[in-house]
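Please read the structure below before turning to the comments.
Each value in this text was obtained by applying a stated rule to the coordinates, not by laboratory testing. Keep in mind it's a predicted model, so treat the numbers as computed, not measured. Note that each Cβ is placed from the backbone with ideal geometry, even for glycine, and that neighbours are counted across all protein chains shown.
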Amino acid sequence: MAGYLIDKDKGKCYGCEACVQICPKSALKMEEDDEGFRYPILNKDLCVKCNLCHQVCLYENMPVRYGKDKYVFGGYIKDEEVRFESTSGGAFSAIVDTFCDDNYVIFGAESKGLLVWHSYITDKKNLAKFRKSKYSQSKMGKSYQQAKYFLNSGKKVLFSGTPCQISGLKAFLRNTNQDNLLTVEVICEGVPSPLYIRKYEQSLKKKFGALIESIDYRYKGHSFLGHHKWDFEIMRTTVMMNDNKKKVIEKDRWFNPFWYIWLKHLMSRPSCYECLFTTTERTADISLGDLWGVHIYCPELYGKDGGSSLAIANTEKGKSVLKKAEGSMYGHELRFEDVLRYQGPMRKHIEMNPKREQFMQDLKSEMDIEDINRKWADKPSIKLLWQKYVWGNRQKVFVWSIWNRK
Ligand SMILES: Cc1cc2nc3c(=O)[nH]c(=O)nc-3n(C[C@H](O)[C@H](O)[C@H](O)COP(=O)(O)OP(=O)(O)OC[C@H]3O[C@@H](n4cnc5c(N)ncnc54)[C@H](O)[C@@H]3O)c2cc1C
C-alpha cells in the first residue's frame, strides 16, 4: 500500500518517525503542518535514493502482528502510591519492576509543560516521569536508534509507546536481534491536535501572566469523602504565576471541553481515522489500557475508584513477564471477549467527524479558546450528571459490594 512518502496523503502517516531515524543522510526531517501534526519532509539534495525510508514506512511494510492466544489480566498494583501516580491501575510500573534486573534500559514518554517526547532511563527509580498518559503525540527523537544501540550492546530493553510507535520501532530494527526486547503499547484511539492545548495555554497566560507548568490529564483527585476518582478523568493544569504562587485548575471530564471536542473526533491526527492498529492483532508483546467496564463485569477489581488496568499479553514473551508482574498486583485473568466489548480501539478506528474541517478552521483562526469551546463543546445534560455523580460507577459498585457481603 502506498504511504505518505509516495502520495503525500496525510491520512497515511502515523508520525512514527521510523523513516527519519533510518535515513543515513538525515535527508528527512519532521515538520509541523498548520494543524500542529508532524510529518517527514524530504530534502531532495541530501537524498541518495537508498529506499530505506520506504522499507520502514508502516503503510508500505506492516510489521508482524500477533493475534491469537492472548492472555488477559485485569487489576491494579498493590502499592497505593504508585497506583495513584499511574493513569490506570499501574500495570506499567508492575511490568517494569518485573523486567528490570541489573542490565536494562526503559523507554517511555515524558513531558514538561506542553512538550512530550520519548526518552530512556537506566534506573527504575526514575520511572515516575514515564507514568501518566500525556494526550499529545510524543516526539521520538533518536529513541529507535538508541534502542538499537542498547540491544546491540547486550542490554535488555523495554520500549513503551503507542501502537504506531512500537510498530515504527519494529520496522526500524529490522534484522537487529530482538531477543532482549520487550515492547509495551498503550491501547490508543488517537492523538489530538496540539493547537488546542496551545490556545488553552494562551488564554491562561492572558489571565494569570504565566505559561502552563504541567498538565496531568488523568489526575485521580480526592473527593470530599477522601476517595479517588479515576473514571472522572480529571485534567489538572498547574500554572506557576509571577509571585511564585501556583494556580491549579481541575476539571472533571464532563465539564472539560478538551475531552468533549477530542472524543467527538473533531481534532485527531488524520491517520487516527484510518489507523490499521485498532484491531485485535497487535505488534507489541503487551497492550495496556484502562479497565473500562470494570464496574459492570468485574466490580471486584474497581478497588474504590483508584484506577484499574487492563493488560493483554499478545506473545509468549509478554505472557511470561505479565504473569510475573501479577505478583505485585491485585486482580485475576479475564475473558478476552468481555474486555473487547469495552475496548473500541481494539475493534475499529475512530470515525472522522464530518465537521472536523470546520472545527479545524476555527482552531487555526484567531478565535480564542473560550469562543471555540462555546461553539463546539456542549454542556453536560442533567441526565448525564445524574448518571455520573448520583448514580455513578462508584455508587453501583458500592451497592454491589453490600449485596455480596458475606
Ligand atoms: C495517547 C493515548 C491514548 C490512549 N487511549 C486509550 C484508550 O482509548 N483506551 C484505553 O483503555 N487506554 C488508552 N490509553 C492508555 C491508558 O491511558 C494508560 O496509558 C494505560 O492504561 C497504562 O496505564 P498504567 O496505569 O499501566 O501506567 P502509567 O504508568 O500511567 O503508563 C504510562 C505509559 O504510557 C506511555 N505514554 C504516556 N504518554 C504517552 C504518549 N503521549 N505517547 C506514547 N506513550 C505514552 C508511557 O511511556 C508509559 O508506558 C491511551 C494512552 C495514550 C498515551
*Helix-derived mean residue ellipticity, 222 nm - over the chain, DSSP H n ≥ 4, -39500 (n - 2.57), to 500*: -8000 deg cm²/dmol
*Listed residues Phe37, Asn244, Phe159: farthest to the positive end of the dipole of the chain (Cβ charges)*: Asn244
*Please find, in a Gaussian network model of the chain (springs between Cα atoms separated by less than 10 Å), the residue of Gln21, Gln55, Gln395 whose mean-square fluctuation is greatest.*
Gln395
_Whole-Hz ³J(HN,Hα) from phi, Karplus 6.51 cos²θ - 1.76 cosθ + 1.60, for region 175-185, glycine and proline x_ = 8, 4, 5, 10, 4, 8, 9, 10, 10, 10, 10
*In nm, spacing of pseudo-spin labels at Gln395 and Glu333 (7 Å Cα→C-beta vector)*: 3.7 nm
*Quick one: if the Förster radius is 22 Å, what FRET efficiency do Lys125 and Lys205 give, using the C-beta to C-beta distance and rounding to 0.05?*
0.05
*Rounded to the nearest 0.05, what FRET efficiency is calculated for Asn175 and Glu366 with R0 set to 51 Å and r the Cβ-Cβ distance?*
0.50
_Per 0.36 nm of contour for each residue apart, how much would the distance between Glu31 and Leu115 grow if the chain were fully extended, relative to their Cα-Cα spacing?_
28.7 nm
*For the chain, with a Gaussian network of springs between Cα atoms less than 10 Å apart, report the residue from Glu370, Glu85, Glu250 with the top mean-square fluctuation.*
Glu370
*asked:* Projecting each Cα onto the charge dipole of the chain (Lys/Arg +1, Asp/Glu -1 at the beta carbon, about the Cα centre), which of Asn404, Cys272, Gly344 comes out farthest on the positive side?
replied: Asn404
_Inter-part distance where region 71-86 and region 355-388 are each reduced to a Cα centre, Å_ = 33 Å
*For the chain, rounded, prolate or oblate, judged on the Cα gyration tensor with a ≥ b ≥ c (square roots of eigenvalues), a/c < 1.5 rounded, else prolate if a/b > b/c?*
oblate
*So between Asn43 and Asn152, what do we pick up on full extension, going 0.36 nm a residue minus the alpha carbon distance?*
36.3 nm
_Could you give me D for region 4-56, from Stokes-Einstein at 10 °C and 1.306 mPa s, where the hydrodynamic radius is the Kirkwood radius over C-alpha pairs? Units µm² s⁻¹, please._
141 µm²/s
*Starting from the Cα gyration tensor of region 186-253, take the square roots of the eigenvalues, sort them a ≥ b ≥ c, and report rounded, prolate or oblate (rounded when a/c is under 1.5, otherwise prolate if a/b is larger than b/c, else oblate).*
oblate
*Length added when fully stretched, Glu213-Lys379, from 0.36 nm per residue minus Cα-Cα*: 57.0 nm
